[in-house]
Amino acid sequence: HDHGKALCKDLGYTPVYLRYNTGRHISDNGRELAALLDPLLAHWPMPVRDLSVVAHSMGGLVTRSALHVAQETCRLWPGRLQSVFMLGAPHHGAPLERAGNWIDLLIGSTPFSAPFAKLTQLRSAGITDLRYGCTVDADWQGRDRFRHLPDQRQPLPLPSGPAWHVIAATTASKRGLLTDRLLGDGLVPLRSALGQHDDPRHCLEIAAQNQHIAYRMNHLALLHNPLVTDLVRHWMVVARNPPSA
C-alpha cells in the first residue's frame, strides 16, 4: 500500500518522492531539499494549488530542517506549503542511537577495550543526529559526534503557516509510562514522535486534533498501513475545506 498513490487516486494529488542519503547530516539533506522545491514548483507543467508533505521517520526532521533553511534564505515554497504530516518522526531522538553512544563510552573506558570502540563508531552522521533529533548545523558543528554529551540542541519550534500533523505508533495496546518511554513503535518513543519534551523550549506545539496514536503498529508499518492513509486523507480534506466559525 502506497500513501502517495492512494492520495493521488482519492484527492487528485500528484505524488513526488524524495530520495536522500540517510548517512549524511540531517541539516545537509534539509539544505538540499530547501533548494530543490522552488525550481520544482516553477517548472511544474501547471499552476500548483498547494503543496503538502508526508514524511516518515527521519524524513520529518529533514522536512523541519528544510523549512528552517528556506525561511532563512527567503525561499518561496514555504508560502505554498499547506500541510505537513509526520509519521513516526524522532523529533527528540531515538533510544537505539543513545544506547550506541553509551556503548562507545563503556568500551572506550579501558585500554584493553578501547580499540573496539572504533567498530561502534561506524555509525553515520545521519544516525548520530538521531541521538537527540539534530536538525540544524549548529546542533553538530564543532562537536565530536561520538562523545557522550547531554542534549545541546538549539530549540526549533514549528513555524506558523502550514498545518502540522503527527502520527505516532506503539506496539502496545494502550498507553502507559513504560510503554510510552521505552517501547513506542519499536524505534521511536511515543513522546518523541508526538513532539513532547520535558523542556518546554523543545516541545512542538501541535494541536490536539492534529495528533494521532496508532496502537499495535510498528515503525515501518506507518509507511504502508491503509489506516494511516485514511487519517492523512481526512486531515487533507479538512485543510481544503476548513469548518466555518
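Taken together, the values in this text are just the output of simple stated rules run on the coordinates, not laboratory data. Since this is a predicted model, take the numbers as computed values, not measurements. Neighbour counts run over all protein chains shown; Cβ positions are idealised from the backbone, glycine included.
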Worksheet item: For the range 51-93, what log10 I(q)/I(0) values come out of the Debye formula at q = 0.25 1/Å, with one point per alpha carbon and no solvent?
Response: -0.85
Worksheet item: So for the pair Ser160, Asp50, with labels modelled 7 Å out along Cα→Cβ, what separation do we get in nm?
Response: 1.9
Worksheet entry | Loop trypsin sites (Lys or Arg not before Pro), the range 1-44, which have at most 10 other Cβ atoms in a 10 Å radius of their Cβ (DSSP) | Arg19
Item to complete: Would you please put 59-67, 233-241 in order of how densely packed they are, using the mean number of other Cβ atoms within 10 angstrom per residue and starting with the highest?
Response: 59-67, 233-241
Discussion item. Over all directions, the average projected area of the alpha-carbon convex hull for the range 1-55 comes to how many nm²?
Written reply: 4.7
Worksheet item: What ranking do 39-46, 82-89, 197-204 get when scored by the average of other Cβ atoms within 10 Å per residue, highest first?
Response: 82-89, 197-204, 39-46
